[in-house]
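Everything below concerns the one structure shown next.
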Amino acid sequence: MLEVKANILIVDDHPDNLRSLAAILSRAGYKVRKAISGKMALETIRSHPPDLILLDIKMPQMDGYTVCSTLKANAATQRIPIIFLSALDDIADKLKAFTVGGADYIVKPFQAQEVLIRVNNNLIIAHQRQELLAQKKKLQEQNAQLQLLLTLTHRISQTDDFHSALTITLTKICQTIGWDFAEAWIPNAKGTILECSRGWYSRAPTFDLFRYHRITTTFAPNIGLPGRVWLSKKPEWSTEISAESAGCYLCVEKALNLDMNTSVGVPILFRDRVLAILVFFKQARSEPEPGLIELIQLIAAQLGTLMQRIKVETALFEANQKLKQLVTIDGLTGIANRRKFDQYIHREWKRLFREQLPLSLILGDIDFFKLYNDTYGHQAGDDCLRKVATKIRLIVKRPADLVARYGGEELAVILPNTDAQGAIHVAETIRQSVENLKIIHASSDISHYVTLSLGVSSLIPNPLVNIETLINQTDKALYRAKAGGRNQTVAEYSIPANLSCQI
């Protein structure tokens, strides 16, 4: 039995010509169909396009030229090769045949061998043209995918926000490949379930409700497409969404309401660990495309590197913040230490010098603290100091203010952009609040409870004074408060003469 080489349509209004040509081509292994008019030919071509047409020129009602022109004007049939058959051997007839789109021309009476050679040659040329077109399309797709990969690689490398990178990636991929919806799933902190990420893409508002239901959904390992990809760590292409039960594919009903027919899931891996899963949906049914999966895997690798970089950078930043905090925080009380106090007061002095605004300082000392330690022990003394520092920190609430341990049982409060009256008010509030803590102090000569003595001073930084002026004045005020009976607030306003400015 001969192998059918191609499907050929013969169009001729002479039955003898039809029978003769059909016999020649059938013996050579071609599948042959026949039409006795141009109108009949167009109808059969629309229903079942042939691989090649043998077309007579001289036919009643519609000649071969008209049939050829009609076929070439239609995108669905314009690439079918047409060989004209004619008894006309004039050059003008041949030129017209080629002008309207003919591929070849056979003069009647025809020879069997010539017909077979011309048919075979034109089929080879048509096949080669189809291959070239297919290769061109594939190259165009590859170029588009390469451009997508380069663009996304650059965009991903420029961002520090993984969810923004996800949105950009999903949008670009879907717009390039023509898919309808995309999302990403990320393992939770415990690694027990997958949660929907903030990065997603929707081709049209009709998918927004689907998105709303998805963000309230989670997937366990091996449940649904995301869960299966999570467990297998391999891409999965599904064209059977409707076949999956609700138990195996959560939200499947909502997917079906949107006529979703194809989905693909690709894991984002870093050192064989799943960081996230990209999932794409398409309404049209589509068979697996290895090239597309490979492209998404390449992009997913870039996202994996970004995720890991962000995690490392975040951990490093948090570690640095903790280190900075340890360097500037007093370990016992949890408030700023003396180093932080010195840094901050110098910075605020310079700023307020430029702005010509007041800077106030409060220094406080726990009254008879040595006797408190001698009576109750150093651990109780530490607890007392912590309680007092915590109370002061709760009172001093403005972001620009700073509470610090100045040394031993001495505490300090820096109050930028605060005048003397404001500072005295803060100091008195602190003093009364500490006394109201009612921390028992049986060894105190002035109260049954722990109390504070406070000194206050305020200056507008100017060329005649410096930071030491402010500190010395405040320390002098504190000395006066202690000498005057303790558990009180004293303000100092005198400014020593002939002091150079040290900014």
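The values are calculated or read from the model by the stated rules, or taken from the named source; none is laboratory data. Keep in mind that this is a model prediction, so the values were computed, not measured. As a convention, Cβ positions derive from the backbone with ideal geometry for all residues, glycine included, and neighbour counts pool all protein chains shown. Note: areas computed on protein heavy atoms with side chains; ligands, DNA, RNA excluded. Shrake-Rupley method; radii C 1.70, N 1.55, O 1.52, S 1.80 Å.
For the stretch 86-118: of the residues being acidic (D, E) and either closer than 17 Å to K5 by Cβ or surrounded by 15 or more Cβ atoms within 10 Å (Cβ to Cβ) (or both), which is modelled with the lowest pLDDT? Show your work before the answer.
Pass one, the stretch 86-118, residues acidic (D, E): 89-90, 93, 104, 114.
Next cut, either closer than 17 Å to K5 by Cβ or surrounded by 15 or more Cβ atoms within 10 Å (Cβ to Cβ) (or both) only: 93, 104.
Working: D93: 87, D104: 93.
Looking at residues that are acidic (D, E) and either closer than 17 Å to K5 by Cβ or surrounded by 15 or more Cβ atoms within 10 Å (Cβ to Cβ) (or both), I get D93.
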For the stretch 448-469, enumerate the residues that are open to solvent by less than 20 Å² (accessible area, probe 1.4 Å) and either out of contact with any helix residue (DSSP H, G or I) (no Cβ under 8 Å at 6 or more places or on another chain) or in a loop (DSSP other than H, G, I, E, B) (or both).
V450, T451, P461, V465, N466, T469
Got a number for residues in the stretch 352-380 being exposed (fewer than 15 other Cβ atoms within 10 Å of the Cβ) and within 54 Å of the chain's Cα centre (by Cα)?
5
Could you please let me know if A28 is small (G, A, S) and loosely packed, with under 13 Cβ neighbours inside 10 Å?
no
Looking at the stretch 381-391, can you tell me whether even one residue there is touching a residue at least 24 places away in the same chain (Cβ under 8 Å), under 30 Å from P463 (Cβ atoms), open to solvent by 40 Å² or more (accessible area, probe 1.4 Å) and within 49 Å of the chain's Cα centre (by Cα)?
no
Would you mind stating whether I223 is at pLDDT below 90 and either exposed (fewer than 14 other Cβ atoms within 10 Å of the Cβ) or more than 25 Å from E294 (Cβ to Cβ) (or both)?
yes
Identify all residues within the stretch 45-76 that are in contact with a Lys or Arg (Cβ under 8 Å, 6 or more places away or on another chain) and either assigned to a strand (DSSP E or B) or open to solvent by less than 30 Å² (accessible area, probe 1.4 Å) (or both); write none if there are none.
P50, G64, Y65
So I8 clears everything in (1) open to solvent by 10 Å² or more (accessible area, probe 1.4 Å); (2) in contact with a Phe, Trp or Tyr (Cβ under 7 Å, 6 or more places away or on another chain) except one condition, right? Which one?
(1)
Would a scan of the stretch 480-494 turn up a residue that is assigned to a helix (DSSP H, G or I), open to solvent by less than 50 Å² (accessible area, probe 1.4 Å) and modelled with pLDDT of 95 or more?
yes
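Could you please let me know if L303 is surrounded by fewer than 19 Cβ atoms within 10 Å (Cβ to Cβ), in contact (Cβ under 8 Å) with a residue 24 or more places away in the chain and in a helix (DSSP H, G or I)? Break it down stepwise before answering.
Working: surrounded by fewer than 19 Cβ atoms within 10 Å (Cβ to Cβ): no; in contact (Cβ under 8 Å) with a residue 24 or more places away in the chain: yes; in a helix (DSSP H, G or I): yes.
Here the answer is no, as L303 does not meet what is asked.
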Criterion violated by G331 - all others in (1) touching a residue at least 12 places away in the same chain (Cβ under 8 Å); (2) surrounded by fewer than 22 Cβ atoms within 10 Å (Cβ to Cβ); (3) not in a helix (DSSP H, G or I) satisfied:
(1)
Output the residue which, of all residues in the stretch 119-168 that are among the basic types (K, R) and modelled with pLDDT under 85, is least open to solvent (accessible area, probe 1.4 Å).
R155
